[in-house]
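Right, one structure below, let's go through it.
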Amino acid sequence: MIKLFVAFCFSLFATAIGAQDVAPDALIRSISDDVIGIVKQDKDIKAGNRSKINDLVEAKVLPHFSFNHMTALAMGRNWPKANAEQQKALVAEFRALLVHTYSGALSTYKNEVIEFRPLRAAAGDPDVTVRTQVKRPGTEPIGIDYSMEKTPGGWKVYDVVVGGVSLVTNYRDSFNAEIRENGVDGLIKSLASKNRSLATQSGAKPK
Amino acid sequence: MLRCFSGLLLLGALGGLGGCATTGGNPDDPLESYNRAMFTFNDGVDKAIIKPIASGYKAVLPEFARTGVTNFFANLGDIWIGVNNVLQGKVGAGVSDFGRFAINTTVGILGLFDVASNAGLEKHNEDFGQTLGRWGVGSGAFVVLPVLGPSSVRDAISLFAADWHGDPLWYVGNIPARNELYGVRLVDNRANLLDLGQLAEDAALDYYSYVRGAYLQRRRSLIYDGDPPRESDPDRSSESGPGRKSAAQAEGEPAPARLTGASVQPVIAAADQELAPAQEFSGVRPQPAAAGQAAASVGPRSYQPMVPRNYAAVLAVSGETRTGFVRTGLRP
């Protein structure tokens, strides 16, 4: 029994080390390859089955995202104004909204080619940007950059910048305005109602 | 058309005045109440007319045919894109754009096929607003144009004073035919954006401010061809993530040098080094400055007026380049 427990601890330790060993750009590459490989083959996903896409994103993508950091970034200077409970609610609602967007974007995927640009970061830098380019025939390539931070659990994405537009900080204006008018609770409420309407609209079960 | 343009100038002037008054909202958007009204109007026009036509167009035409239409108009656009690349000092990119036009017009059968991309000549995204930005002209206030949508004082003036004249369709002599081509292009563009538009509308808490933020960030990124220097962001210092600097530290550091023209490379290189955390985008307007000169006078929380101080220069410059076109022989 004790032996088992020790083995279990050791395996945890080993996975933690393993996750840390993966370079940030290699991590993004393996996630992209993984997810696109599935999207290309799965007929349900190609037909736009939202709940199946959501499951895929939940399993393959989300473990590598730091939603705490994302929410803090979107909240900006308002983040410390929220108490622990409010912060937790904000993270949960913002997560649901981002997942919906990410899954929606994935369902429009059409054989685009993703190229990785060389990582420009000093060794040991705990905060790097992995830059990729999505090539589509006939239009100029669009950049998708992932801001990543090093955590004990490996590298985590805390911002995704598409064509120069941050999917996270682009919320700051509307978050600020909502908080100014209705406070932090008002923002939580409006995020929740947004998520509810998206869930009924796409027919997926609310997360 | 002329009336439209003078109206725009008036708007620009209003933007200049509005810059002094602080509204509760975004410092880049002193015209917010007008903009929101126009945004709602445009959205109504889109939902009632443009979007249904675009949806029908997408349903009727097979994908390869729509790609052909998109390629045809994209090919015509490459000339003007090349001119702007040259104006920005990116001669190699400009030559590549002219090469694209030559290849696609001939081998690609009047541009219906984008063979140049397959041959390794990448498509670029340039317009005169970006050229002005590269030259150091700030974007000015955010403006929503009737039907044409989100823009800024700089980009709108560029559009009317330069881009329309650099568009080959402008020179189609038969006016009804020209307008028809404009219409097809508009519908084709809209059809390409159907999925994306829905995605943005779904993602947004407040659609207007989402589109505004996206437009401003996107334009800034385009001016730097996808590699904008990081701006210091005091809001980021409120986080506890590893590798963050304290707010006090950040304030003591000079902001990244901004800018432009031929001296962009060192700035981009500088952006790779450790900089203060990026500043909230709306906080600082890119201002013309010598490369390497730290914009230390711009405090992390202060911001420049919405309309660049050299606003008069915007008009002067756009007038200047119009005569420039005559010289480049673009005008028949």
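Among the residues of segment B:99-110, is any under 24 Å from B:Ser152 (Cβ atoms), surrounded by 21 or more Cβ atoms within 10 Å (Cβ to Cβ) and charged (D, E, K, R)? Even if it seems obvious, please write down each step before you answer.
Filtering segment B:99-110 for residues under 24 Å from B:Ser152 (Cβ atoms) gives none.
No: segment B:99-110 contains no residue that is under 24 Å from B:Ser152 (Cβ atoms), surrounded by 21 or more Cβ atoms within 10 Å (Cβ to Cβ) and charged (D, E, K, R).
For segment A:161-202, which residues satisfy the criterion of being farther than 22 Å from B:Glu32 by Cβ, touching a residue at least 24 places away in the same chain (Cβ under 8 Å) and among the polar types (S, T, N, Q)?
Scanning segment A:161-202 gives A:Asn195, A:Ser202.
Report, ordered by the first and then the second residue, all pairs with beta carbons closer than 7 Å, sequence separation of six or more or different chains, a first member in segment B:36-56 that is farther than 15 Å from B:Tyr208 by Cβ, and a second member that is loosely packed, with under 14 Cβ neighbours inside 10 Å.
B:Val45/B:Val147
Which of the residues spanning segment B:59-93 are among the β-branched types (Val, Ile, Thr) and more than 21 Å from the chain's Cα centre (by Cα)?
If we filter segment B:59-93 for residues that are among the β-branched types (Val, Ile, Thr), which is where we start, we get B:60, B:67, B:69-70, B:79, B:81, B:83, B:86, B:91.
Correct list: B:Val60, B:Thr67, B:Val69.
Please work out if A:Gly154 is crowded, with 16+ Cβ neighbours inside 10 Å, more than 10 Å from chain B (Cβ to nearest Cβ) and at positive phi. I'd like the intermediate steps shown before the answer.
Details: crowded, with 16+ Cβ neighbours inside 10 Å: yes; more than 10 Å from chain B (Cβ to nearest Cβ): yes; at positive phi: yes.
Judged against the criteria, A:Gly154 is a match.
Identify all residues within segment A:168-180 that are more than 8 Å from chain B (Cβ to nearest Cβ) and more than 12 Å from A:Arg77 (Cβ to Cβ); write none if there are none.
Restricting attention to segment A:168-180, the residues satisfying the condition of being more than 8 Å from chain B (Cβ to nearest Cβ) are A:168, A:176, A:179.
The answer is A:Val168, and nothing else.
Restricting to segment B:92-135, what's the tally of residues that are of a type in the set (Gly, Ala, Ser) and more than 23 Å from B:Arg219 (Cα to Cα)? Show your work before the answer.
Let us first name the residues in segment B:92-135 that are of a type in the set (Gly, Ala, Ser), namely B:92-94, B:96, B:99, B:102, B:108, B:111, B:116-117, B:119-120, B:129, B:133.
Remaining after also requiring more than 23 Å from B:Arg219 (Cα to Cα): B:99, B:102, B:108, B:111, B:116-117, B:119-120.
Residues flagged as of a type in the set (Gly, Ala, Ser) and more than 23 Å from B:Arg219 (Cα to Cα) within segment B:92-135 amount to 8.
So B:Val147 ticks every box in (1) crowded, with 18+ Cβ neighbours inside 10 Å; (2) out of contact with any Pro (no Cβ under 9 Å at 6 or more places or on another chain); (3) over 18 Å from B:Leu222 (Cβ atoms) but one. Which box is left unticked?
(1)
Here are some conditions: (1) within 14 Å of another protein chain (Cβ to nearest Cβ); (2) touching a strand residue (DSSP E or B) at 6+ places or on another chain (Cβ under 9 Å); (3) not hydroxyl-bearing (Ser, Thr, Tyr). B:Asp155 meets all but one. Which one does it not meet?
Single failed check for B:Asp155: (1).
Check B:Thr105 against each of (1) more than 22 Å from the chain's Cα centre (by Cα); (2) at pLDDT 95 or above; (3) over 27 Å from B:Glu180 (Cβ atoms) and name the one condition it does not meet.
It fails just one condition, (3).
Please determine, by comparing only the residues of segment A:149-190 that are assigned to a strand (DSSP E or B) and basic (Lys, Arg), which one is modelled with the lowest pLDDT. Spell out the reasoning first.
Filtering segment A:149-190 down to residues assigned to a strand (DSSP E or B) leaves A:149-151, A:154-162, A:165-166.
Narrowing the set further to residues that are basic (Lys, Arg) leaves A:150, A:156.
Working: A:Lys150: 91, A:Lys156: 94.
That would be A:Lys150.
Give segment B:220-237 a look and list any residue that's part of a helix (DSSP H, G or I), modelled with pLDDT under 85 and at the interface with chain A (Cβ under 8 Å from one of its Cβ atoms), or say none.
Result: B:Pro234, B:Asp235, B:Arg236.
Let's see how each residue does on (1) more than 7 Å from chain B (Cβ to nearest Cβ); (2) in contact with a strand residue (DSSP E or B) (Cβ under 7 Å, 6 or more places away or on another chain):
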| position | (1), (2) |
| --- | --- |
| A:Val161 | yes, yes |
| A:Ser166 | no, yes |
| A:Asn182 | yes, no |
| A:Ser190 | no, no |
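Please work out if B:Gly173 is within 14 Å of chain A (Cβ to nearest Cβ), free of Cβ contacts under 8 Å to residues at least 12 places away in the same chain, of a type outside the set (Lys, Arg) and not in a helix (DSSP H, G or I).
On the way: within 14 Å of chain A (Cβ to nearest Cβ): no; free of Cβ contacts under 8 Å to residues at least 12 places away in the same chain: yes; of a type outside the set (Lys, Arg): yes; not in a helix (DSSP H, G or I): yes.
Judged against the criteria, B:Gly173 is not a match.
Only one residue in A:Gly104, A:Gly143, A:Gly124 is outside any helix (DSSP H, G or I), facing another protein chain (nearest Cβ under 8 Å) and among the small types (Gly, Ala, Ser). Which one? Spell out how you get there, then give the answer.
On the way: A:Gly104 fails: outside any helix (DSSP H, G or I); A:Gly124 fails: facing another protein chain (nearest Cβ under 8 Å).
From the options A:Gly104, A:Gly143, A:Gly124, the qualifying one is A:Gly143.
Which of the helices (runs of 4 or more DSSP H) contained wholly in segment A:23-78 include at least 3 residues that are at pLDDT below 90 and either within 14 Å of chain B (Cβ to nearest Cβ) or out of contact with any helix residue (DSSP H, G or I) (no Cβ under 8 Å at 6 or more places or on another chain) (or both)? Walk me through it before giving the result.
Details: elements: A:24-41, A:43-46, A:50-56, A:67-75.
Because the criterion is at least 3 residues that are at pLDDT below 90 and either within 14 Å of chain B (Cβ to nearest Cβ) or out of contact with any helix residue (DSSP H, G or I) (no Cβ under 8 Å at 6 or more places or on another chain) (or both), the helices (runs of 4 or more DSSP H) in segment A:23-78 that meet it are A:24-41, A:50-56.
Give the residue that is nearest to B:Asn75 (Cα to Cα), with candidates limited to residues of segment B:186-219 that are among the charged types (D, E, K, R) and within 14 Å of another protein chain (Cβ to nearest Cβ). Spell out the reasoning first.
So in segment B:186-219, the residues among the charged types (D, E, K, R) come out as B:188, B:190, B:195, B:201-202, B:206, B:212, B:218-219.
Retained after the next criterion (residues that are within 14 Å of another protein chain (Cβ to nearest Cβ)): B:188, B:195, B:201-202, B:206, B:212, B:218-219.
Numbers: B:Asp188: 14, B:Asp195: 23, B:Glu201: 30, B:Asp202: 32, B:Asp206: 35, B:Arg212: 28, B:Arg218: 22, B:Arg219: 22 Å.
Looking at residues that are among the charged types (D, E, K, R) and within 14 Å of another protein chain (Cβ to nearest Cβ), I get B:Asp188.
For B:Glu126, which of the numbered conditions (1) in a loop (DSSP other than H, G, I, E, B); (2) at pLDDT below 95 fails to hold?
(2)
Quick one: which helices (runs of 4 or more DSSP H) sit completely within segment B:30-107 and have at least 1 residues that are farther than 22 Å from B:Leu194 by Cα? Talk me through it step by step, then tell me what you get.
Values: elements: B:32-45, B:51-60, B:63-87, B:91-106.
Once the helices (runs of 4 or more DSSP H) in segment B:30-107 are filtered for at least 1 residues that are farther than 22 Å from B:Leu194 by Cα, what remains is B:32-45, B:63-87, B:91-106.
The values are calculated or read from the model by the stated rules, or taken from the named source; none is laboratory data. Keep in mind it's a predicted model, so treat the numbers as computed, not measured. Note: ideal-geometry Cβ built from the backbone for every residue, glycine included; neighbour counts use all protein chains shown.
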